[in-house]
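Worksheet: the structure to be examined is printed underneath.
The values are calculated or read from the model by the stated rules, or taken from the named source; none is laboratory data. Only a predicted model underlies this, so the values are computations on that prediction, with no experimental measurement involved. In this analysis, Cβ positions are derived from the backbone assuming ideal geometry, glycine residues included, and neighbour counts consider all displayed protein chains. Note: accessible area is taken over every heavy atom of the protein model, side chains too, but ligands, DNA and RNA are not part of it. Shrake-Rupley method; radii C 1.70, N 1.55, O 1.52, S 1.80 Å.
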Amino acid sequence: MSSPPPEANEPIQRVSFPAFPFVNTPGQTDIILRTSDGVDFYVQLAILSLVSPVFETMFTLPQAEDPSQIYPVIDVQETSPVLDRVLRFFYPCTQLTVDSLDELKEVIEILITKYDMQWLIPSVKKHLERYVASDPITVYVFAYMHGWEDLGRAAAKETLKLPLRASDDDTPEMLTLIPADAYHKLLRYHYRCSVAARQTTTDLSWISLPQASTAAYRWFDCRQSSCTAYNSPRGPIVVASKARLVRHWFMEYFVGMGDILASTPAADVRDPAHPLFIRKIDKANECDYCRDRVSNHLGHFTGLWAARIQTVIQEIEWKF
Ligand SMILES: [Zn+2]
């Protein structure tokens, strides 16, 4: 009876262990690491002794005799796929083969905590940096556990793109690994950044108008009767030392983005796909005067605004 054909997308061939260079190469390998699932990895004792004080100690202890083997055998707790990834982090003629942050975390814990390869920390951080954008909380937790403040800072900054304090989010599982005050510090940083970012929509002293009259922002000097002025609940809007009758379409976007910055301090105010951005363009296009230069002026303004948000966030202190 023949076996059924593989399903579409099903991996047809799996890596079998040991794979090169952990195969028996007479003259080049002199010790065996035997995994918990019974696979023998042939390695060079000199390399392992050089990279890890734990391996070095391990090899000086008497090993169990195995008459079927030509080399001494060291039993390790790792499974064959895990040991393969661990060895490929530092072994010559290899490349790291991790497919996810979970795999990387596991390998790092073994290398740094179990085998005490402190010299690998700069390299480990570089690998973790690849996941800062996609999973900043996990990287933050990992950085905290190891006291890596530079990586923690990068991850904390990346959380500013998330509504971290939204009450309807599930609690990330990784947070159970750090004390409450460590996470509270992150939340406090996030909150302070959100206050500072939102303040760019209430304290307008950072706005300087372009010098050339042809480049003056249209929403500040439009007087078309059909283009409604914003009725500010907080009194006159002062920009560049002058009270302005700012157009409603602009303030709807500006105030709306301020609300978003209050929950997501590093939200991209230049995102052309954001509903508020699309709506403001549509509204500006309804006015003959505003429509004339709206794309050019908004591009200039939002560029300055994004830079201002970055500046105020940079001024907020963060540390573990
Ligand atoms: Zn107008």
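Which whole-number percent gives the relative contact order of segment 114-199, counting Cα pairs below 8 Å spaced six or more residues apart?
Values: 51 pairs, mean separation 22.4, N = 86.
26 percent.
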Exercise. Straight-line reach from residue 105: which aspartates and glutamates have a Cα under 16 Å away, not including same-chain ones fewer than 8 places off?
Worked result: 78, 84, 116, 129, 135, 173
Seminar exercise, completed: Correct semi-axes for segment 204-314, from √(5λ) of the alpha-carbon gyration tensor and rounded to whole Å with the largest first, are 21, 16, 15
Exercise. In the chain, which cysteines lack any other cysteine Cβ under 4.7 Å from their own?
Worked result: 93, 193, 222
For this session: May I ask for the percentage of alpha-carbon pairs in the chain that lie more than 34 Å from each other?
Result: 50 percent
For this session: Please express the Cα-Cα pair-distance distribution P(r) of segment 147-275 as a list of whole percents, one per 10 Å bin, running from 0 to the bin with the greatest distance.
Result: 10, 33, 28, 17, 10, 3, 0
For this session: Sketch the reach of a paramagnetic label on residue 288 as a point 7 Å from Cα along Cα-to-Cβ, and name the residues of segment 198-237 whose backbone nitrogen lies under 18 Å away.
Result: 218-219, 221-229
Exercise. Residues of the chain: accessible area per residue at 1.4 Å, in Å²?
Worked result: 56 Å²
Exercise. Label-point separation (nm) for residue 270 and residue 209, each offset 7 Å from Cα along Cα-to-Cβ?
Worked result: 2.4 nm
For this session: First obtain the Kirkwood hydrodynamic radius of segment 44-134 from its Cα pairs, then insert it into the Stokes-Einstein equation at 10 °C and 1.306 mPa s, and state the resulting D in µm² per second as a whole number.
Result: 110 µm²/s
Problem set entry | Two-site FRET efficiency, residue 30 against residue 102, from Cβ-Cβ distance with R₀ of 35 Å, rounded to 0.05 | 0.60
Exercise. Percent antiparallel among DSSP beta bridges with both residues in the chain, to the nearest 5?
Worked result: 75 percent
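Per residue, how big is the convex hull around the C-alpha atoms of segment 199-242? Give it to me in cubic angstrom, could you?
Numbers: hull volume 4.0 nm³, N = 44.
Cα convex hull per residue, to the nearest whole number: 91 Å³.
Give me the percent of the accessible area of the chain that comes from carbon and sulfur atoms, probe 1.4 Å, all protein chains in place.
On the way: 9240 of 17840 Å².
Here carbon and sulfur together make up 52 percent of the probe-accessible area.
When the helices in the chain are scored as -39500 (n - 2.57) per DSSP H run of 4 or longer and the sum is shared across all residues, what 222 nm value do you end up with, to the nearest 500 deg cm²/dmol?
Working: 12 runs with 140 residues, N = 320.
After summing the helix terms and dividing by residue count, I get -13500 deg cm²/dmol.
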For this session: Give me the number: length gained by fully extending residue 248 to residue 317, i.e. 0.36 nm times residue separation minus the C-alpha to C-alpha distance, one decimal in nm.
Result: 21.3 nm
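With an 8 Å cut-off on Cα pairs and a minimum separation of 6 or more residues, tell me the relative contact order of segment 113-265 in percent. Display every interim value, and only then the final one.
On the way: 136 pairs, mean separation 35.6, N = 153.
This gives 23 percent for segment 113-265.
Using alpha-carbon pairs under 8 Å, 6+ residues apart, how would you state the relative contact order of the chain in percent? Please list the in-between numbers first.
Numbers: 356 pairs, mean separation 41.3, N = 320.
It rounds to 13 percent for the chain.
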Exercise. Can you list the aspartates and glutamates whose alpha carbon sits under 20 Å from that of residue 280, skipping same-chain ones fewer than 8 residues off?
Worked result: 221, 252, 259, 268, 271, 288, 292
